[in-house]
Amino acid sequence: MFGRRRIEYKTDEQLRTMVQAGLVTSRALDAAVAAARPGATTADLDAAFREVLAAHEATSNFLGYFGYPATVCVSVNDEVVHGIPGERVLEEGDILSIDGGAIVHGFNGDSARTVILGRPSEADQLLSDVTRDAMWHGIAAMATGTRVGDIGAAIEDRVRSRVGDRLGILEDYVGHGIGSQMHMAPDVLNYRTGDRSPALRPGMCLAIEPMLVTGAIETKVLEDDWTVVTTDGGRACQWEHSVARHKGGIWVLTAEDGGASELEPLGVTPVPVPGA
Ligand code: MF3
Ligand code: CO
């Protein structure tokens, strides 16, 4: 699906720029998440994100991407990914993923979080918790593993150990390499396959982004050519971080603390990018 087939291995200097792009992405997401409340429109979230990019002299990698018309994707309830912000008014009980990214000095960040408005149903809370937790297990596998495929295996194992087959892992959309482009090689699947995958090597940056659904994993794209929904109306959730592997370890680029608070309980201590 993504243009480049060669993996881009970053120098330490390029990784330091990736840290900047990741931090701007994280702060812009903070603003978009803060704007997400009942009565707000999805366009309000886009505006909040956009303002933070502008304040940091960063640009949006989503805006204009294959003609995409906004700076974030807001995907609500049965929308899985690529929901276009607009006049839709958010309501109590909505589960929405907010996905956005920034370009700083030519390098890209990409991250997504899920928010539930008002008092979450048990089922929505479980969906988001399991997706988020599986993402962190996938990230930890980027530190402890030897191949890109170890990430998807860790994600799938975590989902299955927590909920068995009660939640579905999307296969139509996957994570990706990230760097001088938002979408680069390699694909980062969210499940285990028998295929041989590239070795995890210093200089690699990956966007790890599991998408889980309460029903069947079949999706379709709406008339707007972007919004992806579940065909059975099941609810969907996504969490995403951009992560660097370097000579000393891994660092979560789109987390203020490099992922320390979430990774340390999993036995992984993130290591700052050299010189950052
Ligand atoms: N961030 C999405 C992904 O994670 C890509 C969105 S592309 C856009 O890979 F065109 F919708 F912006
Ligand atoms: Co992504």
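The values are calculated or read from the model by the stated rules, or taken from the named source; none is laboratory data. Only a predicted model underlies this, so the values are computations on that prediction, with no experimental measurement involved. Don't worry about glycine lacking a Cβ; one is built from the backbone with ideal geometry, like all the others, and counts go over all protein chains shown.
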Can you tell me which of Gly67, Gly83 is surrounded by fewer than 19 Cβ atoms within 10 Å (Cβ to Cβ) and over 20 Å from Val243 (Cα atoms)? Gly67
If you go through segment 135-146 one residue at a time, do you hit one that is among the polar types (S, T, N, Q), buried (at least 18 other Cβ atoms within 10 Å of the Cβ) and in contact with a helix residue (DSSP H, G or I) (Cβ under 9 Å, 6 or more places away or on another chain)? no
Which condition number does Leu212 fail, the rest of (1) in a loop (DSSP other than H, G, I, E, B); (2) farther than 25 Å from Ala102 by Cβ; (3) within 16 Å of ligand 1 (Cβ to nearest atom); (4) of a type outside the set (Val, Ile, Thr) being met? (1)
Look at Asp124 and say whether it is within 14 Å of ligand 2 (Cβ to nearest atom), modelled with pLDDT of 95 or more and surrounded by fewer than 22 Cβ atoms within 10 Å (Cβ to Cβ). no
Filtered residues of segment 170-185 (kept if over 14 Å from the mean Cα position of the chain (by Cα) and over 22 Å from Pro270 (Cα atoms)): Glu171, Asp172, Ser180, Gln181, Met184, Ala185
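Take the conditions touching a strand residue (DSSP E or B) at 6+ places or on another chain (Cβ under 9 Å), part of a helix (DSSP H, G or I), within 27 Å of Glu13 (Cβ to Cβ) and touching a residue at least 24 places away in the same chain (Cβ under 8 Å) and apply them to Ile103. Does it pass?
Against the criterion (touching a strand residue (DSSP E or B) at 6+ places or on another chain (Cβ under 9 Å), part of a helix (DSSP H, G or I), within 27 Å of Glu13 (Cβ to Cβ) and touching a residue at least 24 places away in the same chain (Cβ under 8 Å)), Ile103 does not qualify.
Per-residue answers, yes or no, for (1) more than 18 Å from Gly22 (Cβ to Cβ); (2) touching a Leu at 6+ places or on another chain (Cβ under 9 Å); (3) of a type in the set (Asp, Glu):
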site	(1), (2), (3)
Val229	yes, yes, no
Cys237	yes, yes, no
Val243	no, yes, no
Lys247	yes, no, no
Val252	no, yes, no
Gly267	yes, no, no
If I go through segment 160-202 residue by residue, how many of them are closer than 30 Å to Pro274 by Cβ and either in a helix (DSSP H, G or I) or touching a His at 6+ places or on another chain (Cβ under 7 Å) (or both)? 6
Pair list, Cβ under 6 Å, 6 or more apart: segment 253-276 residue at negative phi, other residue part of a loop (DSSP other than H, G, I, E, B): Ala260/Pro270; Leu263/Pro270; Pro270/Gly258; Pro270/Gly259; Val271/Gly248
For residues that are surrounded by 17 or more Cβ atoms within 10 Å (Cβ to Cβ), under 17 Å from Gly67 (Cα atoms) and among the small types (Gly, Ala, Ser), scanning just segment 86-103, find the one that is farthest from ligand 2 (Cβ to nearest atom). Ala102
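When you check Leu23 against the structure, is it outside any loop (DSSP other than H, G, I, E, B) and within 23 Å of Gly175 (Cα to Cα), yes or no?
In short, yes.
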Restricting to segment 224-238, name every residue that is within 26 Å of Ile103 (Cα to Cα) and either away from ligand 1 (no atom under 11 Å from the Cβ) or of a type in the set (Lys, Arg) (or both). Asp224, Cys237
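Being part of a loop (DSSP other than H, G, I, E, B), in contact with a helix residue (DSSP H, G or I) (Cβ under 7 Å, 6 or more places away or on another chain) and more than 20 Å from Val252 (Cα to Cα): is that true of Ala48 here?
Answer is no for this residue.
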So which residues in segment 76-96 are near ligand 1 (Cβ under 10 Å from one of its atoms) and either assigned to a strand (DSSP E or B) or more than 27 Å from Ala21 (Cβ to Cβ) (or both), if there are any at all? Val81
I'm checking my understanding of the structure. Among residues of segment 249-265 that are small (Gly, Ala, Ser) and surrounded by fewer than 21 Cβ atoms within 10 Å (Cβ to Cβ), which one is farthest from Gly203 (Cα to Cα)? Ser261
